[in-house]
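Data first, discussion second: the structure below is written as structure tokens.
The values are calculated or read from the model by the stated rules, or taken from the named source; none is laboratory data. This is a predicted model, so every value here is computed, not measured. FYI the Cβ positions are ideal-geometry reconstructions off the backbone, even for glycines, and counts take in every protein chain you see.
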Amino acid sequence: MVAIPSLWWMVQELWPPAFAAFILAVIGIGAAEYGWMAFPQHARLRLFTVVASLAVALGMMLGGPWAGVAGAATFLVVLLGPLTAPDDLGAGVARAALCWVGVTYVGFLTPHVVLLRESSPDGWRWVLFTIFVVMGSDTGGYFGGRWAGRRKLLPAVSPSKTVEGALGSIVGAAVLAVLCRAVFFDRRTTATAIGIAVVVSVLGQAGDLAESALKRAFGAKDSGWIVPGHGGILDRLDSLLLPVVFVHHWVAVTGG
């Protein structure tokens, strides 16, 4: 519970460059976690994944042509990577693909938290709205699965996830969205808040399952250990990144 007021203050009040620096630090740690899962035997590839993720993220935060330059340059370097090992092109292409997945996952998606916060005077409200709705979705999914879970959702990816838990996630997200609308956006309709919550919940669950699939593919139980009792940074971000991207673009299209 102590973390919620701290999070609220950080999102609402922290000086924009300091907030961006904090998110860049999170991206660096997340990219390192991904690198350790994907390239446990390749220190240079782990380092490159971190550097490339930070470059793409910084370019996106700076905006304008910097976003395109950072993305294009990083993609070009990744694409040319297999040429450094011409005797094993198949493995080189596979490593390049894994690297680009990590850069996209961490370096491209995560900066949308900053973009959403700075998108409008209400940007910080939208960031908190998204975070709290995702929390509601996670809580609803936990209790829905615990109390009524019967049918497995995707047992090959996440044995504990159930269809009933997924429905509970949507209900939990909707409940938090109605509460957050009253706090942050009283001019918005309840129907709008619930509609956004449904999309956020579905995307959050998809992100959670996608990260579970990555961990299974890499043979990892958790992405890292930096959050005591909860795994790594990516384990905390997996259900938030896609919702933040969606809300950012929804606000951009509708004007918030």
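Yes or no, residue by residue, for (1) in contact (Cβ under 8 Å) with a residue 24 or more places away in the chain; (2) surrounded by 14 or more Cβ atoms within 10 Å (Cβ to Cβ); (3) in contact with a Pro (Cβ under 9 Å, 6 or more places away or on another chain):
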residue: P17; (1), (2), (3): no, no, no
residue: L24; (1), (2), (3): yes, yes, yes
residue: I29; (1), (2), (3): yes, yes, no
residue: E33; (1), (2), (3): yes, yes, no
residue: W36; (1), (2), (3): yes, yes, no
residue: R44; (1), (2), (3): no, no, no
residue: S53; (1), (2), (3): yes, yes, no
residue: A57; (1), (2), (3): yes, yes, yes
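What number of residues within the stretch 177-195 are aliphatic (A, V, I, L, M) and in contact with a Lys or Arg (Cβ under 9 Å, 6 or more places away or on another chain)?
Summing the residues that are aliphatic (A, V, I, L, M) and in contact with a Lys or Arg (Cβ under 9 Å, 6 or more places away or on another chain) in the stretch 177-195 gives 3.
Please go through the stretch 137-160 and pick out each residue that is closer than 21 Å to L237 by Cβ and among the aliphatic types (A, V, I, L, M).
Matches in the stretch 137-160: L153, L154, V157.
Using the structure shown, decide if F246 is assigned by TED's automatic domain parsing to the domain that holds M135 and at pLDDT below 95.
No.
Checking S201 against (1) hydroxyl-bearing (S, T, Y); (2) farther than 19 Å from D122 by Cα; (3) at pLDDT below 95, which test does it fail?
The failed condition is (3).
Can you confirm whether the stretch 160-168 contains a residue that is outside the structural domain of G30 (by TED's automatic domain parsing), more than 18 Å from V247 (Cα to Cα) and at pLDDT below 90?
yes
Within the stretch 178-207, which residues are charged (D, E, K, R) and surrounded by fewer than 17 Cβ atoms within 10 Å (Cβ to Cβ)?
Across the stretch 178-207, the qualifying residues are D186, R187, R188.
Just name the residue that is nearest to the chain's Cα centre (by Cα) out of those in the stretch 1-52 that are more than 23 Å from S120 (Cα to Cα) and hydroxyl-bearing (S, T, Y).
Among them, the one singled out is Y34.
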